[in-house]
Amino acid sequence: MNLSEPAVYLSLLVFLPALVGIVLAVSPVRLTDEAYKLVTLAGTIVTFMLSLWLFSSGNEVHFELGVAEMQNLFNVDWIPSFGIQYLMGIDGISFPLVILTTFLCVVAMGASWPINKHVKAYCVLFLLLETGIIGVFLALDFFLFYVFWEVMLLPMYFLIGIWGGPRREYAAIKFFLYTLLGSVGMLIAILMLYFNSDLTRLDAQQLADAGIIAIAEGETADQALESWKSGESALAQKFVEYSSEADPTQRKPLHTFNILALQQMGQHTDLFDSEVLWGKSLQWWAFLLLFVGFVIKVPSVPLHTWLPDAHVEAPTPISMILAGILLKLGGYGIIRICYPICPQAAYDLAYFVCTIGVVSMVWGAFAALAQTDFKRMVAYSSVSHMGYVVLGFGVWSAVGDTGYNADYWKMGVNGAMYQMIGHGISSAGMFFMVGVVYDRVHHRNLNEFGGLFAKMPIYSGFAVGIFFAGLGLPGLCGFIGEVLVVLSVWKYSILLAVISAAVVVLTAGYILWAIQRVYLGAEYKGPHEEALTPITMREIFIAAPLMFLAVLFGIYPKLVLDYMQPSVDMQIDQLAAWTQEHDERETAAKPKVIRDGQLAVLPRD
Amino acid sequence: MNLHTLVESLLNDTLETSLPLFRPELVLCATIVLMLVVRVFPGGSRLPSFVLALGGSILALLLALPTEGLAAWSELQRQELFTGMLVHDTLTAYIRLFLMAFAVLFIVLSELTGIADREDGQDYYALVLGATVGMCVMASANHLLTVFLGVEMASVPSYVLSGVVKGRRRSSEAALKYAVYGAGTAGVMLYGVSLLAGVLGSAHLPTMAAKLSALDILSMIAAGEEGSKLMVLALGGLMLGVGLAFKLSAVPFHFWCPDVFEGASAEVDAFLSVASKAAALALLLRVGLGLTHVTPEPQEAVALAPAATKLVASNESPVTQRTAMKPVALVAEQADSEAEPLSPVRKFVVTIIAIVAMVTCTFGNLAAYGQTNIKRMLGYSTIAHAGYMMMAVAAAIALVGSDITQAHSAVSALLLYVTIYLFMNLSAFAIIAFLRNAMQSEEIEDYAGLVRSAPVIAVMMTAVLVSLIGLPPLAGFWPKLRVLQSLYEAGGTLMITALIVAGLNTAISLIYYLRVAKTMCIDPEPDSRGPVSLGFLPVAYVLVVSLPVLILGLLPEWVARWADAAAQQFFV
């Protein structure tokens, strides 16, 4: 047990918040409310430090810049009877999101100081929530992923349900029910993929890519496979037993929940191609079920209706977590699971995915324009901004017409990933800004504000800056992601590109209009005018880092792109190669159809 | 075979084989007698019956534990007891272990809540232990007569138990309703047994299966003749099913369940929902699999009863038939399951169980919505859970024809479900019972804001309720997952429909379970209620039975391994 092992380090990163939470919950010592908050804040800060420490190359467990593959991969049997492993790792797709999570948790805990009801319970639930989120980003076993995914639900339900606004119970159960319905579908998809998976169909290199066998220095993949097969591990023995069966009809499949192995199977075998229902293949249905589950979380139109309610009712710090991180989990699921595991289905449904993204952008923007509740407006802006993410993932421009050039697709996916980070900063900031003024005047009616610039100049400066970041003003973090996505769409579909570019106008509309109604103007029109005191130091300490990052990521995007681009590019290259293979198989099959007048049977690889 | 050898072998069988394997049940019987008789002697009434009951059940539990741990089960051979009336195999061993462990926990609970007082403690405990013996007989039944006997032995004490709180009209009404309903279904079941035994000439389950497969139902259907014989068989099977459905509280024989759960005390509800349900499921599995699956090897049955000798003889034919068909099976598995003589029976049984399971599950969840009484709500919840568990049985029977290993995992899913369900429901009802003692109410709305005055209880209740929904990382998730897995493996339209129904039901059930959690944790505390204090022992008890719900959620491996071991040897 020392921190130089990935298993220990990453587990600590995931479970440290929960440990602190459990200690707080069961310890017989009764602390003051202030002390509970301080301990929790300390817990989140230590977690943040742990995640930052991954940057330092002096550390044994660290994130190697420029490496596209999974790093710090480790694998421990968790429930061997069900074939479930404790498998975690980190790559350029998950790493920035982990850092975003640990950072926003610190900030959100800092924003939790106004919470005065049942502080101990709040702190415990908050910490459990953080464990769930980090766990989802690190888990590479499908089941582990699912468990963490569900772990988040209950704390979130109570955080909204106990500390929320007047309609909190309705909002909390709505959030819970939507997510649960999505995850039931996800569970069915997991079972479908699991029971059709077969590790013995992968070759040595693919097994190595999936993290099942480790290749030592100066060893070929086949040698590594041989030494693994002669090894002790139960999986290896099963592998030998199952693959030694000579008769192919007798051979038993070796199922797995390993996400990386499932990705290899999805891209290199026909295991998921069998037809199941209404002429659609297994992976088509699995993709649909998974996509629906993730898109509920994103959320995209028409499954977004839980979000405005949840946001409006949730307390400020929980809104920040919800918008800043929880929505990103949906995007992360799509890029980590949907696309690489079910490429055929994703290819077939690419236009559908893009359309969902664009519709969400337009719908969310129009809905935001119509709101009079400040927080609801910000919530709808999240729907609109997360539409860019879905759109960016969907632009499958690596097709035959472009010579399988994946550059624009890479741009789109990188843009979507960047948008997730940028939106994590800006939306958390926007919700915090709304929270600051709500704490003072206890209303959020956009038409009853005005003149805040005169009364709270520093706050208004931060607020306008953050809102501009949300708007996507060049030089701020929202711009990079949006522009990359919109540019990439041009090569895929001009119609969608035009619409998505036009959404920028709507976004500018609702943000500027909100700024005008709240911060500008001669006088404040609402109640509790006397409560409008200047921003406190604590609030500055929360707003300043968010503002700083919004500017930093806006002017120096390489800071994030350097970390995530290699992994994203590798995944897209693999998918582009798959597309080419797929098209070649199709065209190879077609002449036969004409010649023989019957369907050609594709040779198994 | 003259009388002497007959008596000799009977004695041999009983004394050498059967009784040693029947020890835990015998200990319970002796405890019952001791409890009732000890009061006759001077000073005997000062000995609390709780001590006797606890001692007896712990001894029975120790005897039920396999001496060499888990390894003992991997070599445990199926063995028929009492001339084939009962059977001792890993399923018997598992369920018996489960029931004995439950009996110990339950007796402690009854003492802590004070439901069995000094005056009629011995009656109460005698009934509990008597019902437990009946459930053991159910779980090990190998003959339709013992099936009936077991059901009745378990049911009759349950009728009395549900009315054990004297002077409460709801309680008496519940007991009466339960008894009348039970008597009716028992009659129907007995009629079904007589029909089946009449057509097949035996009530010994393996013999019946062999006879069924010798009947060659396929060609009967193909020829369209002897329709009446098929009708009688189907009718007999359905009537037998009525009795089982009553014990399982499956729709449409569930009407007693919510009323009894509301009327009886919470402790008895725990007994009915955990032990009774587990035994009924084991019995369903026994009858369902027993009639649809012929064990490939000849039975090592006691060569005493004519039935048994006949069995060996008649077993010969299906065996050879099956082995002869094996190579064909490799080429086309589909054809094999079509041509197998028992496949129509299996299809019939699976269809009925699956449909009943789906309806039961959905109905239970929907009906639980409107309930205001927590016991009634949980009554509907047990109906829903019985539905999930029956799906596992359906999957196991469907799989036994095609893939034995997968059938094993379906059985193991069921055993895992039963085991984890013990902790969930026992904790829930224990909490209800303790709260009833503390605040004299079992209405959900009276639990409002309980987290303020009894935080441990409220948090544990919330964990248990969420586990009942089946959300990870709580224990209730794993069995549900395993059931879904085996349904998926079984395949086919019916099973996939069941899979989807089960999935949707999880979402449906969310709302009513969570409503209770919400009432306890979110709603404000009413001013009228005084402080709620439970005392140290009740809280400790609740922790002991509910912490496994959390621990098994993270580390289900060891229970899963026991369940796997039990399922693996149960049939081959």
Residues with amide H under 5 Å from that of B:His143, placed H, sequence gap 5 or more: B:Leu205
Cβ neighbours within 10 Å from other chains - mean over A:74-81: 4
Percentage relative contact order, region B:438-526, counting C-alpha pairs under 8 Å, at least six apart: 48
Lys, Arg +1 and Asp, Glu -1 on Cβ, resulting dipole of region B:177-261 about Cα centre, debye, nearest 20: 240
Calculated FRET value between A:Ile458 and A:Thr402, using beta carbons and R₀ = 60 Å, to 0.05: 0.75
Estimated 222 nm signal from helices in the protein assembly as shown, with DSSP H stretches of n ≥ 4 weighted -39500 (n - 2.57), rounded to 500: -23500 deg cm²/dmol
Exposure proxy order (Cβ contacts within 10 Å, fewest to most) of B:His385, B:His4: B:His4, B:His385
Given charges at Cβ of Lys, Arg, Asp, Glu: chain B dipole, positive-most of B:Val33, B:Val545, B:Met85: B:Val545
Relative contact order (%) - criterion: Cα under 8 Å, at least six apart; region: chain B: 15
Rough spin-label spacing in nm, given labels placed 7 Å along Cα→Cβ, for A:Glu275 and B:Ser228: 4.7
Among B:371-384, B:457-470, the order from most to least packed when residues are scored by Cβ within 10 Å on average: B:457-470, B:371-384
A:Tyr404 long-range amide H proximity, modeled H, under 5 Å: A:Val399
Region B:71-118-region A:289-311 distance, computed between alpha-carbon centres (Å): 48
Helix axis angle, B:121-139 relative to chain B longest principal axis, alpha carbon, degrees: 30
Region A:259-358 shape via C-alpha gyration tensor axes, a/c threshold 1.5: prolate
Nearest 10 degrees, 0 to 90: helix B:536-554 Cα axis against chain B principal axis: 50
Under-5 Å amide H pairs with B:His88, H placed in peptide plane, nonlocal only: B:Gln79, B:Glu80, B:Leu81
Among the listed pairs A:Lys174/A:Lys297; A:Lys375/B:Lys518; B:Lys277/B:Lys347; A:Lys37/A:Lys455, those beyond 18 Å (Cα-Cα): A:Lys375/B:Lys518; B:Lys277/B:Lys347; A:Lys37/A:Lys455
Chain lengthening between A:Asp77 and A:Asp583 when straightened (0.36 nm per residue, less Cα-Cα): 178.3 nm
Neighbouring partner chain Cβ atoms per residue of B:473-481, average, 10 Å criterion: 3
Span from the region B:347-423 Cα centroid across to the region B:181-251 one, whole angstrom: 22
Relative packing of B:427-439, B:357-369, which averages over residues the other C-beta atoms within 10 Å, highest first: B:427-439, B:357-369
Inter-probe distance in nm under a simple model that places probes 7 Å from Cα toward Cβ, at A:Glu232 and B:Gln79: 3.7
Global form of region A:182-281, assessed from the alpha-carbon gyration tensor, a/c cut-off 1.5: prolate
12 Å reach of a label modelled at A:Asp573, 7 Å along Cα-to-Cβ, counting backbone N of region A:360-402: none
Fewest-first sequence of A:Thr305, A:Thr179, A:Thr587 by Cβ atoms within 10 Å of each Cβ: A:Thr587, A:Thr305, A:Thr179
Residues A:Ala502 and A:Asp562, FRET efficiency given R0 of 35 Å [Cβ-Cβ distance, rounded to 0.05]: 0.65
Dipole magnitude of the protein assembly as shown, debye to nearest 20 (Cβ charges: Lys/Arg +1, Asp/Glu -1, about Cα centre): 2980
Positive-end residue of A:Phe479, A:Ala428, A:Val390, charge dipole of region A:366-524 with Cβ unit charges: A:Ala428
Ranked packing of B:123-132, A:539-548, most packed first, by mean Cβ within 10 Å: B:123-132, A:539-548
Relative contact order (%) - region A:1-139, alpha-carbon pairs under 8 angstrom, separation at least six: 36
Nearest-ten-degree value, helix B:306-331 long axis tilted from longest Cα axis of chain B: 80
Inter-site label distance for A:Phe352 and B:Ile58 at 7 Å from Cα along Cβ, in nm: 6.2
Gap separating the Cα centres of region A:95-111 and region A:534-561, nearest whole Å: 13
Of A:Val136, A:Ser94, A:Leu180, farthest towards positive along the dipole that unit charges on Lys, Arg, Asp, Glu beta carbons give region A:44-197: A:Leu180
Candidates per GluC sites (Glu not before Pro) in region B:110-190, loop by DSSP, up to 12 other Cβ within 10 Å: B:Glu119
Rounded if a/c under 1.5, otherwise prolate or oblate - the protein assembly as shown, Cα gyration tensor axes: oblate
Shielding score for A:182-194, defined as the mean number of other chain Cβ atoms within 10 Å: 4
Theoretical gain in end-to-end length, B:Val180 to B:Glu443 [0.36 nm per residue, Cα-Cα removed]: 91.9 nm
Rounded to the nearest 20 debye, dipole of chain B from Cβ charges on Lys, Arg, Asp, Glu: 860
Neighbour-count ranking [beta-carbon atoms within 10 angstrom, fewest first] of B:Arg169, B:Arg23: B:Arg169, B:Arg23
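Only the coordinates and a few stated rules stand behind these numbers; no lab work does. Everything numeric here is computed off the predicted structure, so don't read it as measured data. Reconstructed Cβ throughout: ideal geometry from the backbone, glycine too, with neighbour counts over all protein chains shown.
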